[in-house]
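Below is one structure; the comments refer to it alone.
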2 protein chains.
Amino acid sequence: MKPKLENVAKAAGVSTATASQVMRGAGRISEATRKRVLAAAKDLHYVRDGRAASMRSGENREIGFAIHQIANPFNAEVISGASDMLESEGYLLSVLDSRDDVARQRRNLEAFIQSSRGGLLWVPAEDTDDATYDLLAAHGMPTVTFLRRSGRGRFDHVGIENHEAFRTATGHLADLGHRHIAYLGGSAQFGVRTERIAGYRAIMDERDLAAPIIWDTRDDKLSGLEAMLDLYARHPDVTAVVCNGDMVAIGACAAINMLGLTPGSDISVIGFDDIQDAAIAAPPLTTMAVSPYDLGRKLAKVALERIRDNDMPTSSVLVPAELVERETTGRPRGVNRQKRP
Amino acid sequence: MKPKLENVAKAAGVSTATASQVMRGAGRISEATRKRVLAAAKDLHYVRDGRAASMRSGENREIGFAIHQIANPFNAEVISGASDMLESEGYLLSVLDSRDDVARQRRNLEAFIQSSRGGLLWVPAEDTDDATYDLLAAHGMPTVTFLRRSGRGRFDHVGIENHEAFRTATGHLADLGHRHIAYLGGSAQFGVRTERIAGYRAIMDERDLAAPIIWDTRDDKLSGLEAMLDLYARHPDVTAVVCNGDMVAIGACAAINMLGLTPGSDISVIGFDDIQDAAIAAPPLTTMAVSPYDLGRKLAKVALERIRDNDMPTSSVLVPAELVERETTGRPRGVNRQKRP
DNA sequence: GACGCTTGATATAACGATATACCAAGATTG
DNA sequence: CAATCTTGGTATATCGTTATATCAAGCGTC
């Protein structure tokens with residue numbers, strides 16, 4: 001049923017070796033036989049068995065992306081960017097979603113190893129244990145971690161300047177006159193959040209603002225909404241929130257609306273990511289922008305270099321985020337309009 | 001570097017055949033040697049080469065999902081559902097995104113064939129040509145199409161009762177007293193949209209309402225917003241819109257807000273999908289709900305049956321959608337409150 | 001003690017492609 | 001014209017597993 005190289009070769013009246021060379025465009029083959037083989041292949045709907053090919057040649061042009069959450073529009077954009085870059089170089093990207101579950105992630109990564117994917121883009125799940133990093137390192141899988149850093153420098157990394165970005169975000173609110181600024185979406189011990197929280201704390205400290213408030217929540221709108229309602233009930237003096245992501249921020253804005261208040265004038269909200277929704281939210285969300293598509297391309301580029309030479313020293317790229325002022329940040333009530341510092 | 005079965009076998013002092021049997025839990029092996037082999041395997045960080053295994057055994061527990069758009073929260077939920085169902089049966093799901101591009105889809109599907117994935121879940125890209133269906137059929141790939149039907153009955157299908165759902169949606173608006181109802185997100189010739197549009201048209205016709213207006217737009221918020229602005233400029237008499245999806249509907253609501261009007265009282269909007277955003281949008285969106293997670297599970301279940309017996313006659317499952325009334329639909333201005341029929 | 005039966009393990013041939021080495025025939029050279 | 005090169009092609013071992021057949025040893029049975 002499934003045609004193999006042997007069938008193609010027989011149909012074209014050549015050896016499998018010759019057929020193989022034609023299919024790969026390798027070796028020295030006369031134009032006449034080349035055409036004959038190609039015709040036979042098309043005729044039989046031949047598709048080569050990549051397992052056999054990759055086993056023998058040691059090459060695999062399928063790259064894996066192990067990500068913590070597919071359902072996030074930011075991540076989806078990253079995937080698009082990475083995919084485009086890889087495709088332009090003749091590779092292909094398949095995605096496995098761990099949903100931040102370490103057991104599922106383990107299964108996913110083992111599947112990548114089992115199929116000897118050509119390389120691996122990876123956003124490690126929270127609480128990923130060392131054994132998992134060891135596994136990849138032990139198998140010599142060309143790996144680039146993304147966003148969440150770890151693995152003790154054994155892997156390349158592409159990420160965001162989180163610390164600096166949250167200094168900027170918090171600083172922006174402070175500049176506007178806010179003193180009680182909370183951080184929404186914190187708590188987890190993982191690298192990214194601690195970097196971000198550190199940036200937030202640094203400004204709260206340097207500018208001598210009120211005591212930091214870190215409020216936990218997951219990364220989606222509904223959680224952001226609930227967390228904001230909670231926060232407001234417990235800390236009514238908070239006039240501004242820095243959010244761990246746009247999803248949370250948009251949820252928070254929805255909560256503020258539900259409370260009969262207005263984001264930007266009653267409570268200021270600043271997000272992170274600049275997802276498509278941010279610009280068309282009501283009101284449009286002030287946020288820290290990084291281009292996820294470009295980030296994805298960058299990520300893929302680093303991976304390609306690693307794949308081409310697995311002996312290079314590991315590298316690390318951090319991309320800065322940029323403040324995009326829209327309408328959810330403003331002066332707190334009771335602070336007079338004055339020149340910005 | 002990469003350990004193979006031979007190394008494990010040698011370390012345990014047995015043959016590769018024995019080691020293989022231990023790793024698979026097959027054959028008759030004494031408890032003592034079983035333990036010795038397992039220990040050796042763990043010791044060497046052994047992970048079996050799935051390519052070789054699947055080549056020899058003809059089995060592959062990695063399932064592919066070829067989808068038209070990862071970045072859609074509805075689809076993301078479907079993926080989660082399918083993934084959970086498959087995992088519970090010891091399979092694993094990897095996702096390739098075609099972004100509705102037929103060339104990219106072709107490459108993706110060929111990759112699935114090359115690696116001989118155990119089965120295939122597939123939302124065909126718009127304008128998929130027959131040759132692509134033929135390709136899968138020719139290779140005997142166990143395939144279930146999802147949402148978009150085609151392939152002339154050669155594949156199992158899981159989908160939504162689109163026609164009936166859009167009769168319900170349009171009927172709901174008609175019941176409220178609307179006469180000028182537009183369809184937002186139409187035009188493409190593909191199955192799903194024509195089914196939906198047919199349902200809409202049927203009601204417009206049966207109830208003797210104004211002439212149908214079909215307005216084209218892509219499936220995201222920004223496009224929905226632009227389309228709604230456009231529609232309003234050209235057809236100011238429209239008092240209600242049925243949308244092809246929640247993303248479009250939410251975009252449309254944003255547009256209505258921008259125009260200084262209120263969704264639900266000035267212009268009614270009804271969506272489709274009931275994504276998470278629908279419930280927390282401002283105002284909350286009336287929509288036709290199907291549970292994407294359950295849909296994903298169902299899809300996976302059908303695929304598993306197909307994988308287990310590829311000679312079964314093909315089946316088709318259509319899941320109904322359900323009206324969820326929230327706040328974006330109401331009586332048109334100027335129509336008196338009256339008993340619902 | 002020859003016979004069958006069970007248990008635990010092994011030797012070996014696939015699976016489908018590709019890398020390597022090799023070869024025949026014609027063309028080129030000194 | 002013998003020696004060398006080029007061209008176009010093939011035979012074969014190999015990648016890492018697993019399925020199949022086979023086998024030796026122990027054990028009971030008549």
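Values quoted throughout were computed directly from the atomic coordinates according to the rules given, and no laboratory measurement underlies them. What you see is a predicted model; the values in this text were computed from it and never measured. As a convention, Cβ positions derive from the backbone with ideal geometry for all residues, glycine included, and neighbour counts pool all protein chains shown.
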For the range A:92-119, which residues satisfy the criterion of being over 24 Å from B:ASP43 (Cβ atoms) and more than 11 Å from chain B (Cβ to nearest Cβ)? A:ASP100, A:GLY118, A:GLY119
If you take the residues in the range A:25-52 that are small (Gly, Ala, Ser) and away from chain B (no Cβ under 14 Å), which one is nearest to DNA strand D (Cβ to nearest atom)? A:SER30
Test of understanding: among A:VAL78, A:VAL22, A:VAL8, A:VAL14, which residue is over 28 Å from A:PHE112 (Cβ atoms), more than 9 Å from DNA strand D (Cβ to nearest atom) and β-branched (Val, Ile, Thr)? A:VAL8
Among the residues of the range A:169-188, write down those that are within 23 Å of the chain's Cα centre (by Cα), closer than 17 Å to A:ASP216 by Cα and of a type in the set (A, V, I, L, M, F, W, C). A:LEU184, A:ALA188
Please find, within the range A:16-39, the residue that is surrounded by the most Cβ atoms within 10 Å (Cβ to Cβ) out of those that are away from DNA strand C (no atom under 11 Å from the Cβ) and not in a helix (DSSP H, G or I). A:ILE29
Tell me whether the range A:277-290 contains one or more residues that are closer than 29 Å to B:CYS253 by Cα, of a type in the set (Gly, Ala, Ser), crowded, with 22+ Cβ neighbours inside 10 Å and within 18 Å of the chain's Cα centre (by Cα). yes
Given the residues B:MET85, B:MET55, which is the only one that is within 8 Å of chain A (Cβ to nearest Cβ), assigned to a helix (DSSP H, G or I), within 30 Å of B:ALA125 (Cα to Cα) and of a type in the set (A, V, I, L, M)? B:MET55
Inside the range A:130-189, can you point out the residues that are among the aromatic types (Phe, Trp, Tyr) and either away from chain B (no Cβ under 14 Å) or under 20 Å from A:ASN75 (Cβ atoms) (or both)? A:PHE146, A:PHE155, A:PHE166, A:TYR183
Quick test for you: out of A:ALA52, A:ALA9, pick the one residue that is among the small types (Gly, Ala, Ser), in contact (Cβ under 8 Å) with a residue 24 or more places away in the chain and either away from DNA strand C (no atom under 16 Å from the Cβ) or surrounded by 16 or more Cβ atoms within 10 Å (Cβ to Cβ) (or both). A:ALA9
Which residue out of B:THR239, B:THR217 is over 29 Å from the mean Cα position of the chain (by Cα), crowded, with 21+ Cβ neighbours inside 10 Å and touching a residue at least 12 places away in the same chain (Cβ under 8 Å)? B:THR239
